[in-house]
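Since the structure comes first, as structure tokens, the remarks are kept for the end.
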């Protein structure tokens with residue numbers, strides 16, 4: 001097969017094909033950037049949600065957990081933790097989070113450990129708001145089950 | 001060594017190998033913590049081990065690429081490097097910044113590190129693989145720019161070849177796409193969308209150009225095949241890389257909040273992504289078959305062929321397993337991703353650096369015909385030990401991923417993440433065992449550097 005392809009043909013496929021793919025990619029990027037605010041309900045992104053995202057980053061939560069399926073695989077997926085641990089009720093979830101974060105690290109021997117991050121109750125609420133907001137993103141019906 | 005300035009490659013190679021040892025060591029520690037959660041806790045929590053593990057990998061690959069470039073560019077351009085001094089300064093700046101960053105991860109709690117390094121001025125930290133403090137990120141930009149400047153100036157004053165053009169395009173892409181590491185929108189989904197511009201477009205586009213260029217260079221040297229012929233193959237490989245890899249970014253946009261059309265675009269494009277790697281296999285084996293010379297350094301060719309094969313299996317085959325959207329619905333965010341990540345980074349990128357070091361290091365050490373037969377035998381053993389270790393590790397992680405999917409995502413009697421992980425503990429032990437084998441292979445590889453020439457027969 002390769003005998004019939006000359007060097008200049010191969011070169012043209014590289015430049016032509018590469019440029020073509022890049023153009024489509026850029027066009028779709030513009031469209032995606034346009035659609036993400038709606039799909040993620042950006043209007044509900046309160047100051048508390050943004051503060052929660054900053055805490056999420058500051059404590060490198062993604063170093064153990066996945067969120068929206070991305071991150072480390074050492075600890076549970078958190079996109080749907082609101083449904084799983086809070087039964088989709090904000091008050092229940094926030095109360096659960098306050099208790100859970102305060103109890104870390106659990107003393108169960110040899111269970112994987114979550115460090116104690118010394119967050120204030122207000123900060124834990126920000127984190128909860130961030131996770132609640134994330135749980136409502138339209139991610140094409142992912143995760144497939146409540147277990148994440 | 002034809003040009004004295006090629007010698008600047010040597011510290012880059014040595015440091016890359018030291019970092020690789022560190023990377024694997026931290027991988028082993030993680031492997032143990034996966035089994036015994038109390039191991040090293042709270043001294044080094046898992047996220048810190050992982051940060052060190054993945055960041056060392058990225059940095060060692062950059063060191064490897066830089067060393068490879070500084071070695072091959074003078075020979076390709078037939079002129080001395082524009083500024084060997086700048087290359088050495090860059091080395092020390094990058095090495096110091098890298099070591100300081102790792103020490104920061106290990107000895108300062110991450111939240112404190114964000115405060116100490118002005119993350120509040122421009123928050124960029126706490127995102128997977130891009131955990132580096134702001135000064136380190138700025139340092140990476142400076143280092144990459146100085147590297148790009150050095151290579152560009154050398155290419156401008158010397159002979160232009162297809163290899164240098166492809167290499168430069170790859171390096172330029174590497175520099176440009178890293179800039180997205182500084183863009184962190186408040187909207188998590190937007191943030192993730194652009195995060196992939198650095199992560200995916202490095203690994204599955206621009207780095208593949210660098211890989212192709214290095215592979216082509218080594219194959220010319222060790223097979224003596226006509227450059228025209230090699231160039232054609234190189235163009236074909238990178239053409240397929242660009243056509244599939246750029247839109248292949250879409251396979252990360254299936255289930256993270258991006259629009260539905262990515263399900264189709266990502267699936268179709270990334271189904272083509274194994275093709276450039278398949279071409280690499282054909283390339284390496286055809287060139288080896290049609291070789292005009294028989295180079296005494298047989299290991300360099302072995303590594304080159306190995307890179308093509310392992311890159312194809314790790315990046316191509318293991319990537320394809322979970323790249324179609326309906327499959328990815330179940331595999332997204334499981335150990336299968338980790339399995340693919342391990343074998344692709346090793347097969348494509350760590351091995352191309354072994355290829356280059358195996359070819360260039362003996363020459364840099366005054367052995368133009370390669371290491372002695374005995375040393376090459378040891379190196380061949382290390383080649384197999386590391387490959388078997390990595391394949392075993394990948395199979396174990398794949399099995400873990402499949403069990404995880406069956407436990408948490410398929411059927412009606414589902415169990416939770418922690419319970420599922422406990423059921424996988426045995427597989428994680430096997431994984432750790434193969435990890436030890438990889439490390440043993442690396443130590444064998446190191447030992448091959450110190451095997452002495454056999455005394456000449458009278």
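A short reminder: the numbers here are calculations on the coordinates, not readings from a lab. Note that the structure is a prediction, hence the values are computed from the model and not measured. For neighbour counting, all protein chains shown are included, and Cβ atoms are generated from backbone atoms with ideal geometry for every residue, glycine included.
Things to note:
- Residues B:287, B:280, sorted so that the one with the fewest Cβ neighbours within 10 Å comes first: B:287, B:280
- Projected label distance in nm at residue B:321 and residue B:25, using a 7 Å step from Cα toward the beta-carbon: 3.0 nm
- The slack in the chain from residue B:271 to residue B:14, taken as 0.36 nm per residue of separation less the alpha-carbon distance, amounts to 88.8 nm.
- At R0 = 30 Å, FRET efficiency that the Cβ-Cβ distance of residue B:99 and residue B:3 yields, to 0.05: 0.50
- For chain B, the relative contact order comes to 14 percent (Cα pairs under 8 Å, sequence separation of at least 6).
- Taken as Cα centroids, region B:361-392 and region B:70-89 sit 26 Å apart, rounded to the nearest whole angstrom.
- Choice from A:37, A:121, A:109 showing the highest fluctuation, given a GNM over chain A with Cα pairs closer than 10 Å: A:109
- Here the spin labels are modelled as points 7 Å beyond Cα on the Cα-Cβ line, and at residue B:380 and residue B:78 they lie 3.6 nm apart.
- Residues B:138, B:52, ranked from the fewest to the most other C-beta atoms within 10 Å, line up as B:138, B:52.
- Max-minus-min Cα coordinates of region B:233-333 on each principal axis give 54, 25, 14 Å, with the largest extent listed first.
- For the pair residue B:183 and residue B:157, the difference between a 0.36 nm per residue extended length and the Cα-Cα distance amounts to 5.8 nm.
- Per-residue average of Cβ from other chains inside 10 Å of A:32-45: 4
- Ellipticity estimate at 222 nm from DSSP helix runs (n ≥ 4, -39,500 (n - 2.57)) divided over chain B, nearest 500: -24000 deg cm²/dmol
- GNM flexibility winner over chain A from A:125, A:31, A:60 (Cα, springs under 10 Å): A:31
- The orientation-averaged shadow of the Cα convex hull for region B:278-406, equal to a quarter of the hull surface, comes to 8.5 nm².
- Estimated inter-spin distance, residue A:104 and residue B:142, nm [label 7 Å along Cα→Cβ]: 3.5 nm
- Gaussian network model of chain A, Cα within-10 Å springs - most flexible of A:16, A:63, A:71: A:16
- Arranged from fewest to most other beta-carbon atoms within 10 Å of their beta carbon, B:340, B:229 become B:229, B:340.
- The alpha carbon convex hull volume per residue for the protein assembly as shown rounds to 146 Å³.
- Residue B:372/residue B:86 FRET efficiency (R0 41 Å; Cβ-Cβ; nearest 0.05): 0.70
- Counting only other chain Cβ atoms within 10 Å of each residue's Cβ, the peptide B:196-203 averages 1.
- Per-pair calculated FRET efficiency, R0 = 51 Å: residue B:38 and residue B:450 via Cβ, rounded to 0.05: 0.85
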